[in-house]
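J.: This is the structure I want to talk about, given as structure tokens.
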Amino acid sequence: MATEDTDSNLEQTGLSERCEICKDQAFKYKCPRCLTKSCSLQCVQKHKQEQNCNGLRDKTAFVKIKDFTDIHLLSDYRFLEDVGRKVYSATNDNAYTRSRKNAKMMRVINKHHGVQLRFLPYGSSKRRRNGTHMKQRNIMWLTEWIFPQVETKHTKKFYKDITLHSCLETFLVPGESDPVIRHKLKPYAQAGIDNLKLFMKVEDRPANSVRFYELSHDKTITENLQGKVVIEYPTIHVVLPEDAKRYRMIGEESSEDTSDSSSDSASETDSDESSSDKEVIAKTNSNT
């Protein structure tokens, strides 16, 4: 009786509603990738083997706008989430690799060149811009050059054994520099490279007590950085001679610092005198 009902149901079922593998039963499943209809696990496995189908939906397949449903929207949203996770994982892996290379470079620079190199956390803009790298113990520094009198700055890579004078020639000497950059730096070119002053900010100082190192034209980049703290890469201020007095060197004390220290010493003296007066008054009262 049941067999007769099944046969009657199959007769009523059209070919489009039958399993495309066995063609005997009504289909229950549809392959997410190729939309092949199947009725059982055996038919699903047979379909994958014969048609070499992995059964995974093509997440980037084109869908007409009239066929686009909420299911497609949810699928696209999950696809973007998966992409975001993979990008995040890849970024962390690269960050780990870079951190190991940076640690090695830091040890070499600190040990052999006497430069206290420090790195900022990943994600900071200066950290992302840093292109300093090391190849067979030969360091190529990313250097930032600030030209305050024309309100511009440029970054360029140089090997550690190049003098700062040679570095400036790549900005200011015709034939070696970009004409557009040289035109912007015209006041510096007119002043002459030998007359320019080079300064680098001293790190680890309060914001209200900024000081600078004066760098030598004839020394190499690494020689100028010896004994100094460098965060990520060196930033060099190129200053015209008439504006050099605005930059206070390390070891110089401003009038504000002097007045602050004198006021502190005066307040300490006043407190000492007041305490001694109190002691005298206390002794007098006890004797009375």
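J.: Tell me yes or no: at least one residue of segment 193-204 is surrounded by fewer than 15 Cβ atoms within 10 Å (Cβ to Cβ), free of Cβ contacts under 8 Å to residues at least 12 places away in the same chain and either charged (D, E, K, R) or within 17 Å of Thr220 (Cα to Cα) (or both).
T.: Looking for residues that are surrounded by fewer than 15 Cβ atoms within 10 Å (Cβ to Cβ), free of Cβ contacts under 8 Å to residues at least 12 places away in the same chain and either charged (D, E, K, R) or within 17 Å of Thr220 (Cα to Cα) (or both), one finds none in segment 193-204, hence no.
J.: Another question about this same structure. Looking at segment 191-247 only, could you name the residues that are among the small types (Gly, Ala, Ser), in a helix (DSSP H, G or I) and in contact with a strand residue (DSSP E or B) (Cβ under 9 Å, 6 or more places away or on another chain)?
T.: The one that is among the small types (Gly, Ala, Ser), in a helix (DSSP H, G or I) and in contact with a strand residue (DSSP E or B) (Cβ under 9 Å, 6 or more places away or on another chain): Ala244.
J.: Here's a follow-up. Would you mind stating whether Ser177 is open to solvent by less than 20 Å² (accessible area, probe 1.4 Å) and in a loop (DSSP other than H, G, I, E, B)?
T.: Considered against the rule, which asks whether it is open to solvent by less than 20 Å² (accessible area, probe 1.4 Å) and in a loop (DSSP other than H, G, I, E, B), Ser177 comes out as yes.
J.: Could I ask something else about it? Hey, can you tell me all the residues within segment 128-143 that are within 8 Å of the chain's Cα centre (by Cα) and surrounded by 16 or more Cβ atoms within 10 Å (Cβ to Cβ)?
T.: Asn130
The values are calculated or read from the model by the stated rules, or taken from the named source; none is laboratory data. None of these values were measured; they are calculated from a predicted model. Heads up, the Cβs are rebuilt from the backbone with ideal geometry, glycines too, and the neighbour counts pull from every protein chain shown. Just so you know, the surface numbers come from the protein's heavy atoms only, side chains and all, with ligands and any DNA or RNA stripped out. Shrake-Rupley method; radii C 1.70, N 1.55, O 1.52, S 1.80 Å.
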